[in-house]
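A.B. asks: If you scroll down you'll find the structure; I have some questions about it.
The values are calculated or read from the model by the stated rules, or taken from the named source; none is laboratory data. Worth saying up front: this structure is predicted, and the values here are computed from it rather than measured. Using ideal geometry, Cβ is built from the backbone for each residue, glycine included, and neighbour counts are taken over all protein chains shown. With ligands, DNA and RNA removed, areas are computed over all heavy atoms of the protein, side chains included. Shrake-Rupley method; radii C 1.70, N 1.55, O 1.52, S 1.80 Å.
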Amino acid sequence: MTTARERFGFLAGALVAVLVVGLLGIWPARPDPLPSPFARAGIPPSEADTVPALDANEERDEQTEGVQRRVEAWEAALREGRAGQAGKRAYLAGAAAPTATGWVGEVPIDTMVDDWEPAIAADPHSRYVYLLTTRYGTAKPCPGNCPTPYITLVVSKDGGATWSPSRPLCACKGSGQFDPIIEVVPDTGDVYSLFMIGFNVWFTKSTDHGQNWSPAAPIYGNVAWNDKPVIAISDDGQDVYASFNGPTGGDPWVAQSHDAGATWTQVKLVNSGRYIYAFDGDVDSDGNVYFSESSLQYSSAGKHSPLIGGIEELAFISRDQGKTWETHVVGQTQPGITCVAVGCTTDFYQGHATVSADAAGGLVFLYDGATVAGGKQQIYASRSTNRGASWSTPAAVSVAGEEATAPMMESGASGDVRIGYMQTSGGGDVDAWNTWYRRSADGGLTWSPAVRISDATSGAPYKTAAGYAEVYGDYGEMAITNAGKTIATWGEGINYTGPGGVWVNRER
C-alpha cells in the first residue's frame, strides 16, 4: 500500500511520466456523492471535513517522483555493491541464523531485485500457496509499452517449502503496477487478485493454480481515480467485494461483483474531507462482509501535510450482499511518531487496520495507533462475538515502549486467530525492526507469547542481529496452509526509498 502516504502506487521512469500526463485528459467525471454513513451512525461532522480534497495532478506528479527516487536508489546500490548479496541470488535459500521456535527460518524471495509490499494466500484444501509482490530493479517483463514496476508471482505446490520461478502476474501494457492483493476461493481453489495499473484497480483470476490468468478487467466503473484496493470474497467465489480509496479526497468506495468478477458496480461509503484507507476485508460463512479501514485527517490538501485530530478505526459491514452498509467505530487513536527514514512520508507508520472472521463467525479487528499525539504506537485487538454489532474494548498485543505498525492477521477454525506485526527493538530504535507473531485459541481473548519470525541476521545489507533497518511497504500478509501451518511475508529495506526485499517464514 502506498498513500496520501504514497499509497497511490509509484509510477516509474520517464515513460511512466508520459503515460501519466496522457491519462490526465481522459479521467471520467466524478459521480454524485452518496449519503454519509457517518451521519447514519450518529458521528458528527468535524471542522476538518472542510479541508480541500487532495489534488489529483499533484498526487500524480509526486507519485512519478517517488518511483524515480526508488529506481535511482536501486541503481546506486548496484553500483556501490549494496544491492543484496553481491553476485549471489538468494532465492528462498535456507536461513543463516538459528530459527524461531516452531518455524523453518526466514528467507528472501530474491535479494538481487528490489521487491516491495507482498501479498500471500493459501489454498485450504491443497498445498498451493501464492505470493505476489511489486518488483523494481529489473527489466520490463515485455517489450514496448509494458509496466515497470510490475506485479510478480511465485507459486508453491508444497505449502511454501519450494517455489516456482517468478513471472509477471499480468504483462499487460500500461503504466506501473502496484498494490497486489491475492486470495483463494475456499470452495473451488480458484485464485482472485486485485492490483493497480497507475491509478486504477483491476481484477484477474486463475482457475488452474496460477498457470493462466483471465484478462485484467477494470472494477472501478466511472470512479475518477482509485487507490489501495483490498478484496473480500464469499466461500463459493460468486460474491467479490473490493474496497479502495477514491474521490473526493480519499473517500472509501466498494466495487462489487456477484458473478465471480465478470461485472462490477460501485458505491461510495462516505463523503467527507477525511482520508479513509482500506486495509483488509473478509466475508464470513453467512455472507456478511467486513472491511477494516482507518479514517485520517490531513491539515491541508497536500499528501505530506501533518495529520490533525484523532484517527478512527472503522468497520464497514454489509449483511445483504452489499446493498446497504453499516459503519462501526471500533477504536480511536492519535497520530503517532513520524517516519524520518530517507524518502518516507510523515504518516507511513499510521492508519493500518485488519479484520478477520473465524469459521464460526467470530471477529477480530487489529490496528496500530498511539494514545497520545506524537507517541509510539502499539497494536490493539478488539473482538466481536455478534457479527460486528458490538466490539470489545481494544487491548494492546504489542510491547509498550516500542513503535509497532502494519498488523497482519488470518483466522482458521473457531477461535483460531494468528497475527503478526512489525515492531522496533531496544526501546524504540527505528533502525532496528523485527516481525513478531502471536496466536490465539479463544478468538482473541488471550494470546500466546510473541515470537520473532524475522529471524535471519544476514543476507542483505539492511539485516543485522538486531533486526532490519526499515519496514518496506505499508503491509505484510499471512495465510494458513491446508496443513494448518502459518506462512507469513513482509518487506524489509535500507530505508523507505530502498532498496529492500520481500521475506517469508513458515511454521514447521
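A.B. asks: For region 105-136, give me the residue count where each residue is out of contact with any Lys or Arg (no Cβ under 7 Å at 6 or more places or on another chain) and closer than 19 Å to C170 by Cβ.
C.D. replies: 13
A.B. asks: Further question on the same structure: Which is free of Cβ contacts under 8 Å to residues at least 60 places away in the same chain, open to solvent by 10 Å² or more (accessible area, probe 1.4 Å) and of a type in the set (A, V, I, L, M), of A373, A341? If you could, list the steps in order and put the result at the bottom.
C.D. replies: Working: A341 fails: free of Cβ contacts under 8 Å to residues at least 60 places away in the same chain.
Checking each option against the conditions leaves just A373.
A.B. asks: While we're here: So in region 287-306, with the set limited to residues that are in contact with a Gly (Cβ under 8 Å, 6 or more places away or on another chain) and closer than 22 Å to A479 by Cβ, which one is surrounded by the most Cβ atoms within 10 Å (Cβ to Cβ)?
C.D. replies: So the residue we want is S292.
A.B. asks: So for region 247-268 (the condition being closer than 19 Å to V184 by Cβ, polar (S, T, N, Q) and open to solvent by 40 Å² or more (accessible area, probe 1.4 Å)), does at least one residue qualify?
C.D. replies: no
A.B. asks: Taking region 260-278 on its own, how many of its residues are part of a strand (DSSP E or B) and touching a helix residue (DSSP H, G or I) at 6+ places or on another chain (Cβ under 6 Å)? Step through it out loud before you land on a result.
C.D. replies: Keep residues of region 260-278 that are part of a strand (DSSP E or B), which gives 265-268, 275-278.
Subsequent filtering for residues that are touching a helix residue (DSSP H, G or I) at 6+ places or on another chain (Cβ under 6 Å) retains none.
Qualifying residue count for the region: 0.
A.B. asks: Looking only at region 156-197, filter to residues that are among the hydroxyl-bearing types (S, T, Y), modelled with pLDDT of 95 or more and over 16 Å from V504 (Cα atoms); which one of those is nearest to the chain's Cα centre (by Cα)?
C.D. replies: S193
A.B. asks: Would you check if G443 is modelled with pLDDT of 90 or more, touching a Lys or Arg at 6+ places or on another chain (Cβ under 7 Å) and either within 22 Å of E117 (Cα to Cα) or not in a strand (DSSP E or B) (or both)? Show your work before the answer.
C.D. replies: Numbers: modelled with pLDDT of 90 or more: yes; touching a Lys or Arg at 6+ places or on another chain (Cβ under 7 Å): yes; either within 22 Å of E117 (Cα to Cα) or not in a strand (DSSP E or B) (or both): yes.
Taking the combined requirement at face value, the residue satisfies it.
A.B. asks: Of the conditions (1) open to solvent by 20 Å² or more (accessible area, probe 1.4 Å); (2) not in a loop (DSSP other than H, G, I, E, B), G491 clears all except one; give me its number.
C.D. replies: Only one criterion in (1) open to solvent by 20 Å² or more (accessible area, probe 1.4 Å); (2) not in a loop (DSSP other than H, G, I, E, B) is unmet by G491, namely (1).
A.B. asks: Can you list the strands (runs of 3 or more DSSP E) found entirely within region 157-259 that contain at least 3 residues being more than 30 Å from Q297 (Cβ to Cβ)? Write out each step before concluding.
C.D. replies: Values: elements: 177-184, 191-197, 200-206, 227-233, 240-246, 251-257.
So the answer is 177-184, 191-197, 200-206.
A.B. asks: Name, by its number, the condition in (1) modelled with pLDDT under 80; (2) part of a helix (DSSP H, G or I); (3) open to solvent by less than 20 Å² (accessible area, probe 1.4 Å) that does not hold for A77.
C.D. replies: (1)
A.B. asks: Would it be correct to say that I197 is hydrophobic (A, V, I, L, M, F, W, C), farther than 21 Å from P124 by Cβ and crowded, with 22+ Cβ neighbours inside 10 Å? Walk me through how you get there before you give the answer.
C.D. replies: Values: hydrophobic (A, V, I, L, M, F, W, C): yes; farther than 21 Å from P124 by Cβ: yes; crowded, with 22+ Cβ neighbours inside 10 Å: yes.
For I197, the condition - hydrophobic (A, V, I, L, M, F, W, C), farther than 21 Å from P124 by Cβ and crowded, with 22+ Cβ neighbours inside 10 Å - is met.
A.B. asks: Same structure again: Report yes if D123 is among the acidic types (D, E), modelled with pLDDT of 95 or more and within 21 Å of the chain's Cα centre (by Cα), otherwise no. Give the derivation first.
C.D. replies: Values: among the acidic types (D, E): yes; modelled with pLDDT of 95 or more: yes; within 21 Å of the chain's Cα centre (by Cα): yes.
Considered against the rule, which asks whether it is among the acidic types (D, E), modelled with pLDDT of 95 or more and within 21 Å of the chain's Cα centre (by Cα), D123 comes out as yes.
A.B. asks: Could you tell me which of the residues T101, T138, T111 is of a type in the set (V, I, T), part of a loop (DSSP other than H, G, I, E, B), buried (at least 21 other Cβ atoms within 10 Å of the Cβ) and at pLDDT below 95? Can you show your working first?
C.D. replies: Values: T101 fails: buried (at least 21 other Cβ atoms within 10 Å of the Cβ); T138 fails: buried (at least 21 other Cβ atoms within 10 Å of the Cβ).
One residue alone meets the criteria, T111.
A.B. asks: Being farther than 28 Å from Y421 by Cα, in contact (Cβ under 8 Å) with a residue 40 or more places away in the chain and touching a Phe, Trp or Tyr at 6+ places or on another chain (Cβ under 8 Å) narrows it down to one residue among S294, S272, S300; which is it? Step through it out loud before you land on a result.
C.D. replies: Details: S294 fails: farther than 28 Å from Y421 by Cα; S300 fails: touching a Phe, Trp or Tyr at 6+ places or on another chain (Cβ under 8 Å).
None of the other options fit; the residue is S272.
A.B. asks: Kindly establish whether G281 is of a type outside the set (A, V, I, L, M), modelled with pLDDT of 95 or more and either in a loop (DSSP other than H, G, I, E, B) or open to solvent by less than 20 Å² (accessible area, probe 1.4 Å) (or both).
C.D. replies: Working: of a type outside the set (A, V, I, L, M): yes; modelled with pLDDT of 95 or more: yes; either in a loop (DSSP other than H, G, I, E, B) or open to solvent by less than 20 Å² (accessible area, probe 1.4 Å) (or both): yes.
Here the answer is yes, as G281 does meet what is asked.
A.B. asks: Could you check region 461-477 and list, in sequence order, the residues that are buried (at least 24 other Cβ atoms within 10 Å of the Cβ) and among the aliphatic types (A, V, I, L, M)?
C.D. replies: Residue satisfying the conditions is V471 alone.
A.B. asks: Give the residue that is surrounded by the most Cβ atoms within 10 Å (Cβ to Cβ), with candidates limited to residues of region 315-338 that are more than 22 Å from the chain's Cα centre (by Cα) and either within 29 Å of Q423 (Cα to Cα) or without any contact (Cβ under 8 Å) to a residue 12 or more places away in the chain (or both).
C.D. replies: T324
A.B. asks: Let me ask something additional. Output the number of the condition that A456 fails; it satisfies all remaining conditions of (1) at pLDDT below 95; (2) surrounded by fewer than 20 Cβ atoms within 10 Å (Cβ to Cβ).
C.D. replies: (2)
A.B. asks: Here is a follow-up. Please identify the pairs in which a residue from region 108-124 that is on the phi < 0 side of the Ramachandran plot has its Cβ atom under 6 Å from the Cβ atom of a residue that is in a strand (DSSP E or B) and among the hydroxyl-bearing types (S, T, Y), counting only partners at least 6 apart or on another chain.
C.D. replies: Filtered contacts from region 108-124: D114/Y136; D115/T133; W116/T134; P118/T133; P118/T489; I120/T489; A121/Y130.
A.B. asks: Write out, first by first residue and then by second, each pair whose Cβ atoms fall under 6 Å of each other, whose residues are 6+ apart or on separate chains, and whose first residue, in region 445-459, is β-branched (V, I, T) while the second is open to solvent by 50 Å² or more (accessible area, probe 1.4 Å).
C.D. replies: Qualifying pairs under 6 Å: T457/A465.
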